[in-house]
Amino acid sequence: MTGFLGKRMLWSAGSLIGLVILVFFMARLTGSPADLYLPIDAPNEMREEFARLHGFDLPLWQQFANFLRDLLVFDFGDSLRQGRPAVDLVLEALPTTLLLAFWSIGIALMVAVITGALAAWRPNGIFDRIATLLSLIGASLPNFWVAIVGVLVFAVQLRWVPTSGTGTVVQWVLPVAVLAIRPCGLIVQVARSTMISVLSAPYVKTAEAKGVPRRAIIFVHALRNAMLPVITVAGDQAAGIINGAVIVETIFGFPGVGRLMIDSISYRDFAVIQAGVMITAIAIFLLNVLIDIAYALLDPRTRAA
Amino acid sequence: MAEPALLTVENLSVEFHARGKIVQAVRNVSWQVNRGETLAILGESGSGKSVSSSAVMGLIDSPPGHITAGRALFQGQDLLTLTKDERREINGRRIAMIFQDPLAHLNPVYPVGWQVAEAMRVHGVPPSEARARAVALLERVGIPHAAARMNAYPHEFSGGQRQRIMIAMAVAMKPDLLIADEPTTALDVTVQAQILTLLSELRDETGMGLVLITHDLGVVAQHADRMVVMKDGEVVETGRVADVFRAPAHDYTRRLLGAAPGKLPFRVPDEAAELLLEVQGLVKSFHLRGRFLREAAREVRALDGVSFALRKGETLGIVGESGSGKTTLARVLLRLMEPSSGSVRYRGQDVFAMSKEQVFAFRRRVQVVFQDPTASLNPRMTVEEIIGEHWAIHPEALPAEGRRAAVEKLLVQVGLDPAHARRHPHQFSGGQRQRIAIARALSLKPEVILCDEAVSALDVSVQAQVIELLKDIQKQYGLSFIFIAHDLPVVRDFADRVLVMHRGQIVEQGPTGAVFTAPQADYTRTLLAASPKADPTHRPQRRAGERL
């Protein structure tokens, strides 16, 4: 297992380095931060002073070399806007996003797997038809639309939940629901179709010949086999939430990584952008390791490899 | 008969509804099986031989299947009218079943001990007792170190061991009847003999009835008491095995017995013919990584010093069980894989030292027909495109304007309708697909065709026809065949010389007659003894408890 993890890390290190290089240069394409932080009529001396202070006067390659040097000790520099270490800002925002992703995917998985399994019980039955239709709708709805409609209906009209904020549990209901809908729809479809194919697998016939009750066939024999593709899709969706919670976090005023990144980009806060990308990438790498571990737990055949 | 039959199937008819079409799977099928006897249901693919037992077990999916008529009386109960709860009382407890391909029929994600114990738990045996009995059962069916291997998973066992595990699971509740649906089809002959012997022993120990569904005449002749012959969904003949083999009443049975290979006079190799292929000291080793990092890599020799020669116009049979190195040898001969050492010379030229142009010419001269035509023919190409693709790659072989006519000529030659050139592979039967693959191999007028288990997946009667076709084209073009097979009777009839492979080595080679009548190596003798002969009068007496 450790050898396997080491290999995975080595692979990921390669892509991380590529990613960092890309982000470093692309952030700088957005323009000079001095235009944003200084008054529009600031004299040239002031601009030069600003640039010197933050190291923007150096040639680009030297900035990059410094960046790489600091990266080795995980120092991304300070935020231009808040004057605090960029890493701290990102790490403060990270738990909110991770929790958001955890609850959304957790709930989506639970609802979707049970729905998918029940739909596969009688393909083309009434439950299956309704579940398939709803999942198709769920998978096709854009996040921002669901979020806005959700706020209008449940927060503004019905006043069941607040419009924004993170303090209490009720404030999490709407954002989690919005984020869960799409993955839920997708996972229902995957769970349903893999369950249907798994239920026609030869070992299910063996179980029937043994006299195993139908319920146990579905939830013991078939479900565990059907979980592998489900886990793959769920992991993919979780990664999507970690780096795609921008819209929901913005609409609901959640202080997560997504909103931090959007703000940092509009303020050309390079250090925070770089730290955010790096830390998100590491989070997604760890998520993939978790998926691999789940695979090994679920399917003994993957353990030897 | 004093005692009533254990199970009586009467006038069973089953239909399948698919895409608006109704297919009669079986019509008016009747048979019965008694305690302590083995009934064989013999039939080729599509004969409906498995349908009646699936109906007995309640395993016919409905839809699309419908039982339209008939009864299955088992101790006074009609099995076809059971409720779901009554069905669960019967399945696994009173009647059990094992299947072909045990790897697919065991759940890959649960330990085998758990699966064997489950067969007892679902019928009310307490979990701890079920587990203890599972160990004993696995020991009984011959799994070494059963207690230690209870938590191992199906993929960690060999094919024969998996079928033993299936058997342990099936006999766990001491059923009155065991149905075995092609239980040894995917297994090597020596393993097949062991499994069938085990089944007979268990039948004798418990007095259960045994239904053996098979396509293999040899298995029937060697292991069954009575037999039912099925064709196109109907029973054409029923009787004692010895009687049916001696005096088959139905025309189809006669044809089937006639098609069984292993009866022709031996072919004699022509020692003066020109040498095409010389293989010297081939070694191919693979390095398997250890399970743990510190464990050293293990070297496995798939080929270990293989030497032989192939002459023009002859058939060289290569026999061996799975893991013997047959497939590795085929890949090296086709230059799809480089050997670790040793040489392959084609007309004196070292195949692995050829220039690009020489390789190109070599590929034209040496063609291949694989085992599974469904997999080796591109499903999205028409037959014309499949056969013609060779000429697109080797345009010098045939000018473009002659290609359509050539395809039609080849189709006629392999016994297919030239009007079907625009069809796709799925519109043909298995035997026809293999004919297409043969036509493709012939399209470049090769000197050597390597057949890798090319007739193994085919029914006996189709197999006989395809072999006939191979013989015809051999005679016509002076072709050489390298005929890799695990089925000894087929090799016996078709090969001029035989190589017997075991663990990467050639343990014996010589003219077919010599190898089959006076085998020198112990392994050859074991192999020949295990191969079931389609003749019930040559039934070796087995001692109780004997394992091959």
| field | Per-region count, region A:281-305, residues open to solvent by less than 60 Å² (accessible area, probe 1.4 Å), charged (D, E, K, R) and within 14 Å of chain B (Cβ to nearest Cβ) | value | 1
| query | Hey, does region B:107-119 have a residue that's at the interface with chain A (Cβ under 10 Å from one of its Cβ atoms), part of a loop (DSSP other than H, G, I, E, B) and without any contact (Cβ under 8 Å) to a residue 40 or more places away in the chain? | reply | no
| said: Tally up the residues in region B:479-497 that are open to solvent by 10 Å² or more (accessible area, probe 1.4 Å) and assigned to a strand (DSSP E or B), please. | reply: 1
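Considering B:ALA104, B:ALA69, which residue is within 8 Å of chain A (Cβ to nearest Cβ) and not hydroxyl-bearing (Ser, Thr, Tyr)? First the steps, then the outcome.
Details: B:ALA69 fails: within 8 Å of chain A (Cβ to nearest Cβ).
Result of the check over B:ALA104, B:ALA69: B:ALA104.
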| note | B:PRO4 vs (1) in contact (Cβ under 8 Å) with a residue 24 or more places away in the chain; (2) away from every other protein chain (no Cβ under 14 Å); (3) assigned to a loop (DSSP other than H, G, I, E, B): all pass except (1)
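Please enumerate the residues belonging to region B:150-162 that are of a type in the set (S, T, N, Q) and closer than 16 Å to B:ALA117 by Cα.
To start, the set of residues in region B:150-162 that are of a type in the set (S, T, N, Q) comprises B:151, B:158, B:161.
Scanning region B:150-162 gives a single hit, B:ASN151.
Would you mind stating whether B:GLY160 is surrounded by 18 or more Cβ atoms within 10 Å (Cβ to Cβ) and either facing another protein chain (nearest Cβ under 9 Å) or out of contact with any Pro (no Cβ under 7 Å at 6 or more places or on another chain) (or both)?
Details: surrounded by 18 or more Cβ atoms within 10 Å (Cβ to Cβ): yes; either facing another protein chain (nearest Cβ under 9 Å) or out of contact with any Pro (no Cβ under 7 Å at 6 or more places or on another chain) (or both): yes.
Answer is yes for this residue.
Using the structure shown, decide if B:ARG87 is touching a residue at least 60 places away in the same chain (Cβ under 8 Å) and not β-branched (Val, Ile, Thr). Talk me through it step by step, then tell me what you get.
Values: touching a residue at least 60 places away in the same chain (Cβ under 8 Å): no; not β-branched (Val, Ile, Thr): yes.
When the stated conditions are applied, B:ARG87 does not pass them.
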| said: Quick check on A:LEU260: is it out of contact with any Pro (no Cβ under 9 Å at 6 or more places or on another chain), within 19 Å of A:PRO95 (Cα to Cα) and open to solvent by 30 Å² or more (accessible area, probe 1.4 Å)? | reply: no
| helices (runs of 4 or more DSSP H) (entirely within region A:1-92) containing at least 1 residues that are surrounded by fewer than 14 Cβ atoms within 10 Å (Cβ to Cβ) and basic (Lys, Arg) | A:2-28, A:44-54, A:60-72
| field | Close pairs from region A:272-299: first over 23 Å from A:GLU92 (Cβ atoms), partner among the polar types (S, T, N, Q), Cβ under 6 Å, at least 6 apart | value | A:TYR295/A:THR302; A:ALA296/A:THR302
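Which ranges mark the helices (runs of 4 or more DSSP H) fully within region A:130-214 that have 1 or more residues being at pLDDT 85 or above, surrounded by 17 or more Cβ atoms within 10 Å (Cβ to Cβ) and away from every other protein chain (no Cβ under 14 Å)?
Values: elements: A:143-150, A:169-199, A:202-210.
Result: A:143-150, A:169-199.
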| request: Go through region B:163-198 and give me each residue that's outside any helix (DSSP H, G or I) and more than 11 Å from chain A (Cβ to nearest Cβ). | output: B:LYS174, B:ASP176, B:LEU177, B:ALA180, B:GLU182, B:PRO183, B:THR184, B:THR185, B:ALA186, B:LEU187, B:ASP188
| Consider B:ALA147 against the criteria (1) within 14 Å of another protein chain (Cβ to nearest Cβ); (2) touching an Asp or Glu at 6+ places or on another chain (Cβ under 9 Å); (3) of a type in the set (A, V, I, L, M): it satisfies all of them except one. Which criterion is unmet? | (1)
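The values are calculated or read from the model by the stated rules, or taken from the named source; none is laboratory data. These numbers were taken from a predicted model, which means no experiment stands behind them. So basically every Cβ, Gly included, is an ideal-geometry build from the backbone, and we count neighbours across all protein chains shown. For the accessible areas, the whole protein counts, side chains as well, though only heavy atoms, and no ligand, DNA or RNA atoms are used. Shrake-Rupley method; radii C 1.70, N 1.55, O 1.52, S 1.80 Å.
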